[in-house]
1. Looking only at the range 470-503, count every residue that is part of a loop (DSSP other than H, G, I, E, B), hydrophobic (A, V, I, L, M, F, W, C) and free of Cβ contacts under 8 Å to residues at least 60 places away in the same chain and tell me the total.
2. Please enumerate the residues belonging to the range 437-469 that are of a type in the set (Ser, Thr, Tyr), more than 15 Å from Gln411 (Cα to Cα) and in a loop (DSSP other than H, G, I, E, B).
3. Tell me, please, whether a residue that is farther than 30 Å from Thr311 by Cβ, crowded, with 19+ Cβ neighbours inside 10 Å and free of Cβ contacts under 8 Å to residues at least 24 places away in the same chain can be found in the range 453-465.
4. Among what's in the range 234-269 and is hydroxyl-bearing (Ser, Thr, Tyr) and at pLDDT 90 or above, pick the residue that is surrounded by the fewest Cβ atoms within 10 Å (Cβ to Cβ).
5. With the structure loaded, tell me whether Arg321 is among the charged types (D, E, K, R), touching a His at 6+ places or on another chain (Cβ under 6 Å) and either not assigned by TED's automatic domain parsing to the domain that holds Ala383 or not in a strand (DSSP E or B) (or both) or whether it fails that test.
6. Taking the condition of being surrounded by 21 or more Cβ atoms within 10 Å (Cβ to Cβ) and assigned to a loop (DSSP other than H, G, I, E, B), how many residues in the range 371-384 meet it?
7. As an exercise: evaluate Arg139 against (1) assigned to a strand (DSSP E or B); (2) in contact with a Gly (Cβ under 8 Å, 6 or more places away or on another chain) and give the number of the one condition it does not meet.
8. What is the residue count in the range 324-356 for residues that are touching a Phe, Trp or Tyr at 6+ places or on another chain (Cβ under 9 Å) and part of a loop (DSSP other than H, G, I, E, B)?
Amino acid sequence: MLNAVQLEILNQSTDGKYFVKPETIEEIAQQTQASQLSDEDLLAFLQTCNILYRAGEPLISDRIYDSVFLAELQKRHPDHPFLHTTEPEQAFVGKTVILPQRMLSTEKAYSKSAIEKWLLNVEKAAKELGIDEETLVFRATPKLDGFAAYDDGKMLYTRGDGRKGTDISRVFERGMIVGGSGKRGLGAGEIVVTQSYFNTYLADTFDNARNFQASVIKEKELEQHALDAIQNKAAVFFPFCELPDWQGSATELKADFDDIVGKVHTLVDYDVDGVIFEVTNDRIKQHLGATRHHHRWQIAYKQNAETAQVTVLRVTPQTSRSGRVNPVAELEPTRLSGAMISRATAHHYGMVKDQGIGEGTLIELTRSGMVIPKIERVITPKAPQIPESCPSCGSHLVWDSDYLYCLNTSQCPAQIENTIEHFFRTLANNDGFGQKTIEKLHAQGIKSVYEIYQLTLDQLVEMGFRSQDGKNLVAKNLLEQLEHSRTIAIEDWRFLGAFGIHRMGLGNCERLLQNHKLLDIFSLAKDDIMLIEGFAEKTASAVVENLALIKDEFLKIHQLGFNIIPTPLLAQQQKPTSPIAGLTIVFTGTMQHGKRDDMIKEAKRLGAKVGSSVTGKTDLLVTGTDVGASKLSAASENGVRIISEEDYFKMLDG
């Protein structure tokens, strides 16, 4: 579960309009893969993780963030702006200024083989420059887990978005010193606090050192604990170039990798969450250059594994949109991986029953990347805590395999509110219908999406949706957002997915509508659906059953006049109905004549297949401005035709 501090951070950072609902964040975090997430949920989850990490309340480990969620976005959309921009630090009080030098993020690796692959790329660059790779020197330094900043000798800047940061020179005015030699103007570094000081004087007040570091920077008038840390020279700005290090050859690095990593981790008395490797040769650095996200001549190696034995205080049930009741183990507060943990997922009530998870159960807990840390094993079982009724509506619960379900779909508050919130969040073309708004509507007797669309201005005002000055701006805004949801173009598979049909994620919705028109799907039999690739018998049966359940509500909402873009049927795509019908197209760069998402939608409508990366099957690479070299290189290697955005539109005009 998200704790109160994390919820407050998200509330402040998003002005109360969460990217995704807190319950949804927790559900996503329990997944071991991200392939079933919509693009919107995936991106929103990544953004949420960033906000909490930068604020000193990290949700998941870097390893899971990178290897599961970030990797999924990279797989789907290699050119997505999120992947090529520096993750923004938390905003602080002070003026925003352009950084003297760009401060990029660092590429991460979690295995020795990944470091060896990076070494090969560096050695390849050396050969291209005529440099003997045996003469290369590599440097390894501790990866400080603090707040990145840049010191030009006159001003100290936060990293910000990598291009612009905030002036926080006030920390030096308060007495903060520079670590190492103590010299100013040494460039990039991090604001950190010594572990020994934190553990002795601050651990009872702050969950982790990063949380404390934020307080040193953002407070206009520092609290006494922050002033004491600065005066005792425990909180410092440490330039990267001054860090103690290991230096050696690639051969030495590969031969003594584990020993080097272990040694570098202990070189400083600060929180360290990895080791930074870099090549020291300036010519190679210049040759390798950087992406918009990270330097290619540098890489971070990170390890992430920690366990603890914890006592369960109780098991709390929570009802989801589908009616499934999920168990959350409330724990004796325990510090794990730098954070105070008080809850963990128990996965399902079958596990609770079989393994004896209840009050007093002793478990082994691991925080190897889960938002809600994982119960690795039960050490001492106790009587399991199994609810008999739904925590939201009090209805009797029923078992389905390992899961408990509330079948009161039409009256259960949790199911009703989560279903409505899912609809508007999946449409993703409107604003205003977040958790608090929906709870308020439900409290006034609104139980369905259709009922929301029937509301008038007077009714909304009467329900309390008015500004503090008594005007009707809030109610008017909600009506405008409802109008937006109907008029802004939306794909038919997204519209269908908004109804939250069991076993019908957005991917399955699109596959279904590639074979059948939207209004024809309710007359399909199980055998019809089984003919579609990816639909087995059990899934097909569930789809037919669940389509019948939502049919009436779906047709009522559909008749409200949504601007729905139909998915081209596969059977029709075989016909050359447009110049690009049947072609596989990749769009890259910044488009000047429209949004790339709109161009992708139009291309699909005209019968083209749109890819995210260039392969041997790609027919056409359409380029805008600021095109990355990788796609152009891949196109040349695979003999793919490259045309400009302007020529692409000329082709469509025919």
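1. The total comes to 1.
2. Thr456, Ser467
3. Yes, the conditions are met somewhere in the range 453-465.
4. Thr251
5. yes
6. Residues that pass the stated criteria total 3.
7. (2)
8. Number satisfying all stated conditions: 1.
The values are calculated or read from the model by the stated rules, or taken from the named source; none is laboratory data. What you see is a predicted model; the values in this text were computed from it and never measured. We place every Cβ from the backbone using ideal geometry, glycine too, and count neighbours over all the protein chains shown.
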